[in-house]
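Novice: Pasting a structure here, questions to come.
Just so it is clear, none of the values below were taken in a lab; they were calculated from the coordinates. As the structure is a computational prediction, the values presented were derived from the model and not from experiment. Counting neighbours? That spans all protein chains shown, and the Cβs are built from the backbone with ideal geometry, glycine included.
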Amino acid sequence: MFRKILICSDTSPASDVLIRCIGELKTIGLEEAVLAHVHRAVHPNGLDELLSSDAQSLLTRQQEELERMGIRVITETPVDFEPARALADLAAEHDVSAVFIGSHGKGIIRSAVLGSVTAKLLQHIEKPVLLVRVTLLEEGTCQTLCRKMFTSVLFPTDFSEAAEQALIYLGKIAADTECPVTILHVIEEKPADNEAAERMMESARFLIEAKKRRLESLGASAVNSILVSGEPAKEILATAKEGDFSLIVMGSTGKGLVKGVLLGSVSNEVTRHADVPVLLIPSVR
């Protein structure tokens, strides 16, 4: 499914840690990686084109680590005033199946939210994006929670076409990895009338059951469901943490993954605050 991916590296300790997460993607078909480091252009005279020896050494080490995993590697080091645009262009040029990037850390993933480059990339990219959060520890080292990514998957859905597209990807993942899947639907506003509220709950249970059967038809062997009411982002994050899930899979709509995301701004909030990797799937138009 994800035969070729674009790996966004900023040659920092954070992205070095991310490289160690890649091997598990072989279970869903990974064969080739485009390892990209965009050198942000500052001077128009071409001096920006040279990577520092330390950065080049780290990029080479990352390439060698990927090759030891049995993954073919192409390296790209473009110079651009807009790194996010350059990464989106590389994803299209190489026709990758997905983009792999960190959502926390230093350099390309600097801020406590998504980070400037990551956030801008999500506004332009039309490929599935796997965001893995990296935490900077007090002693200056980095860690990430991406080991055994396909242990247990949470699938929030609003029953939209975008969510259905994500479900198709999820079915393939579940079939390849045999991981259990939990469908989550959050009812944001329940009617005050008890009878109307019960009809809404019954309708949601019917749709969840239909999604469960759909996943099973795609090869998922273990599918559970959760139906709750409340604020969607909070409920998704709480469920992910309480249920000890290893991955969240969500759908998206619009040209970019941040514009018109599933459940409005919910997907944005989840990618900012989830402790586990989040896989965003764009809808097909």
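Novice: Given R₀ = 35 Å, what would the calculated FRET efficiency be for Val228 paired with Thr151, taking r from the Cβ atoms and rounding to 0.05?
Specialist: Efficiency computed from Cβ-Cβ geometry: 0.95.
Novice: Counting residues in region 200-252 as N, plug N into 2.2 N^0.38 Å and put the Cα Rg over that result.
Specialist: 1.23
Novice: Starting from 0.36 nm per residue, how many nanometres of slack lie between Asp176 and Met200 once their C-alpha separation is accounted for?
Specialist: On the way: separation 24, 0.36 × 24 = 8.64 nm, distance 3.43 nm.
Extending this stretch completely gives an extra 5.2 nm.
Novice: Label points 7 Å out from Cα along the Cβ direction at Ser160 and Asp193: separation in nm?
Specialist: About 2.7 nm separates the two model spin labels.
Novice: Checking the table Lys26/Lys127; Lys148/Lys234; Lys4/Lys212 against a 26 Å threshold on Cα-Cα, which pairs fail?
Specialist: Those over the limit are Lys4/Lys212.
Novice: Moving to a separate point now. Students often check this: by mean Cβ neighbours within 10 Å, which of 244-251, 165-172, 87-94 ranks highest, and how do the rest follow?
Specialist: Sorting 244-251, 165-172, 87-94 by mean packing, highest first, produces 244-251, 165-172, 87-94.
Novice: While we're here: How high is the FRET efficiency from Glu82 to Arg20, r the C-beta distance, R0 30 Å, rounded to 0.05?
Specialist: 0.60
Novice: For q values of 0.12, 0.13, 0.16 Å⁻¹, compute log₁₀ I(q)/I(0) with the Debye formula on a Cα-only model of region 147-280, without solvent.
Specialist: With one equal scatterer per Cα and no solvent, log10 I(q)/I(0) is -0.43, -0.51, -0.77.
Novice: Taking 0.36 nm per residue of separation and subtracting the Cα-Cα distance, what length does fully extending Glu242 through Ser221 add?
Specialist: 5.3 nm
Novice: Starting from a Cα-only point model with no solvent, please compute log10 I(q)/I(0) by Debye for region 154-207 at q = 0.15, 0.30 1/Å.
Specialist: Rounded to two decimals, the profile gives -0.52, -1.18.
Novice: Near Lys211, which aspartates and glutamates are there with a Cα under 14 Å away, not counting those fewer than 8 places off in the same chain?
Specialist: Partners within reach: Asp158, Glu161, Glu164.
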